[in-house]
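Reading through the C-alpha cells given below for one structure.
The values are calculated or read from the model by the stated rules, or taken from the named source; none is laboratory data. A quick note: this is a predicted structure, and the numbers were derived from the prediction, not measured. Cβ: placed from backbone, ideal geometry, glycine included. Neighbour counts: every protein chain shown. Quick note on the areas: whole protein, heavy atoms, side chains included, nothing else; ligands and nucleic acids left out. Shrake-Rupley method; radii C 1.70, N 1.55, O 1.52, S 1.80 Å.
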Amino acid sequence: MLDDYTGNWELSGLPIDSEYDAATTNSIFLAWIENLGNHIGELAAGIEAEIQHRDDFYWDFAFGPAGMDLYQLHTLTISYFEISSYLIVSDELRCAPPSDNTKRLIDAIYSRKGHVLDDSQKQRNAFKRLQSDQNLNAGFYKFVLSESGLLDNTESEVLKRVNSIRGDFVHDFFQILEIDDKDRALDLVKDCQVLLNVISDLLHEHIEYDSDIYHLVTQNNDESN
C-alpha cells in the first residue's frame, strides 16, 4: 500500500482527466481482483490435491474435472495477470513527478517506437493508450513489466510458460492429453501459483489505494460469503 503516493493527476501538471479519485476506485478494483485471485488460489489447491492422490493420467484425467480445472486455472491466471498489470502500469503512469519505475515503464512502452516526444508527452500518451487500446494483452504487459524491471528473469519465464500453456489449451484443448505424469501436472499448477503470488505482491506495492475503503469492501465481501 502506498499511503504516501505522489501520483495525483489533478495536481501533477500533466493534463490527464480523471472523473474519480484514483485511490477510491483502485480500492474497489483491488478488492475485486483479489477476490478473483483467491478463487484462482483455491482452484490451484484443489487441482494439486486431486493430482497428488491420482494413480493414472489417462483420458479420465484430461476430460474429467481435473483436466477442465487445469484449463480454467491457466485461463483465469492469465486474465488475472492482464487485469492486474493494467492497474499496475496505468497507476505508475499517473505518477508526477515521474518515479524511476514510471520512467522505466515509459522507456519500455516506447522502446520499439520511433516517436519524437518529450518525456511528459510520452507519459501522457502511454497513459492514454492504456485507457483506449483494447488489444493490449499478456504479451504487451510481459514485455513492459520485464523491460522495466518489475518482473525479474525468473518471474518472466514463469509468466511465459503459463501464457504459452494457456494458449495451447485455448487453441487445442486436446494438448491436455499430453500431460501424462504427476510431476508435469504439478509443475503447471505451481507456475500458476507462483505467478499469482508475484502479481499480488506487485499490486500492493505499485498502486495507490485507500486502506480504509479497501478493508471495508473486503470485509463486506467476506460477510456476504
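Could you go through region 177-200 and let me know if any residue there is within 22 Å of residue 82 (Cα to Cα), under 13 Å from the mean Cα position of the chain (by Cα), at pLDDT 95 or above and surrounded by fewer than 16 Cβ atoms within 10 Å (Cβ to Cβ). Yes, the conditions are met somewhere in region 177-200.
Residue-wise test of (1) among the hydrophobic types (A, V, I, L, M, F, W, C); (2) closer than 24 Å to residue 188 by Cβ.
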| site | (1), (2) |
| --- | --- |
| 118 | no, no |
| 140 | yes, yes |
| 146 | no, yes |
| 151 | yes, yes |
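Note on region 139-149: residues that are outside any helix (DSSP H, G or I) and open to solvent by 20 Å² or more (accessible area, probe 1.4 Å) total 1.
For region 34-51, a residue qualifies if it is surrounded by fewer than 15 Cβ atoms within 10 Å (Cβ to Cβ) and of a type in the set (A, V, I, L, M), and the qualifying residues are 45, 49.
Return a yes/no flag: does region 118-137 have any residue that is among the basic types (Lys, Arg) and in a loop (DSSP other than H, G, I, E, B).
Taking every residue of region 118-137 in turn, none turns out to be among the basic types (Lys, Arg) and in a loop (DSSP other than H, G, I, E, B).
Against the criterion of being assigned to a helix (DSSP H, G or I), small (Gly, Ala, Ser), modelled with pLDDT of 85 or more and open to solvent by 40 Å² or more (accessible area, probe 1.4 Å), residue 31 does not qualify. Checking each residue of region 164-180 against the condition of being outside any helix (DSSP H, G or I), of a type outside the set (A, V, I, L, M, F, W, C) and out of contact with any Gly (no Cβ under 6 Å at 6 or more places or on another chain) gives at least one match.
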